[in-house]
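A.B. asks: Please read through the structure below; I'll follow up with questions.
We did not get these values from a lab; they are worked out from the coordinates using the rules stated. Being a predicted model, the structure only gives us computed values, none of them experimental. As a convention, Cβ positions derive from the backbone with ideal geometry for all residues, glycine included, and neighbour counts pool all protein chains shown.
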Amino acid sequence: MKKRSKVSAEFSMSSLTDIIFLLLIFFMLTSSMVQINVQLPESNSKTVAPSDLIVMMTQKGPLTFNGKKIDKSALSKKIRSELSKMSNKENASISIVAEVGVPWKKINDIIEIASKLKLKAHIATQPRK
């Protein structure tokens, strides 16, 4: 007769994968809810322009492209690569979200990049109070 009281050194991975999956969902949902509040310039414009690409500039913070930090030197390449993935390249546009106080030279550099790539550029503003 054999003894059946051997202790198994294995454990079930199914509960661990469930926990990891739930954490992944949690972080994906919370990261999309995080917003950066910047004070935008004011204007009387009532036009709401659709944007495919978003460049955000703050006075002291880094430049961001579609929510991810990027160097100004790599911005043109990144825009070009995102543009190549788009199906509607003719009507593609880029929105420039620049905080109040950002030098016009920095905004103009982004507009020049958009012009070279034949993109429409829009500067995001907030309504006057």
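A.B. asks: Sequence-distant or interchain residues sharing an amide H contact under 5 Å with Ser95, placed H: which?
C.D. replies: Asp52, Leu53, Ile54, Val55, His122
A.B. asks: Calculated FRET efficiency, Asn91 and Lys129, Cβ-Cβ r, R0 22 Å, to nearest 0.05? Could you put the intermediate results ahead of the total?
C.D. replies: Numbers: r = 32 Å, r/R0 = 1.47.
E(calc), rounded to 0.05, equals 0.10.
A.B. asks: Would you mind ranking Ile96, Ile20 by Cβ crowding within 10 Å, fewest neighbours first? Could you put the intermediate results ahead of the total?
C.D. replies: Values: Ile96 21, Ile20 11.
By the 10 Å Cβ count, ascending, the order reads Ile20, Ile96.
A.B. asks: Karplus couplings for the range 92-103 from phi (6.51 cos²θ - 1.76 cosθ + 1.60, θ = phi - 60°), rounded to Hz, Gly and Pro as x?
C.D. replies: Each residue of the range 92-103 in turn: 5, 9, 10, 9, 9, 9, 10, 5, 4, x, 6, x Hz.
A.B. asks: Have a look at Ala124, Ile94, Gly67 and report the one farthest towards the positive end of the charge dipole of the range 47-129, computed about the Cα centre with Cβ charges (Lys/Arg +1, Asp/Glu -1).
C.D. replies: Gly67
A.B. asks: Over all pairs of distinct alpha carbons, what does the Kirkwood formula give as the hydrodynamic radius of the range 42-127, in Å?
C.D. replies: After inverting the mean inverse Cα-Cα distance, the result is 13.3 Å.
A.B. asks: Hey, another quick one. Once you have the Cα-Cα distance between Lys68 and Lys118, take 0.36 nm times their residue separation minus that, and quote the gain in nm to one decimal.
C.D. replies: 15.7 nm
A.B. asks: Using the crude model of +1 on Lys and Arg Cβ and -1 on Asp and Glu Cβ, and no other charge, please compute the dipole size for the range 42-127 relative to its Cα centre, in debye to 20. Mind showing how you got there, number by number?
C.D. replies: Values: 15 positive and 8 negative charges, 61 e Å.
The calculation lands at about 300 debye.
A.B. asks: Using Cβ counts within 10 Å as a stand-in for footprinting exposure, how do Glu10, Glu112 rank, fewest first?
C.D. replies: Working: Glu10 5, Glu112 12.
If I rank by nearby Cβ atoms, fewest first, I get Glu10, Glu112.
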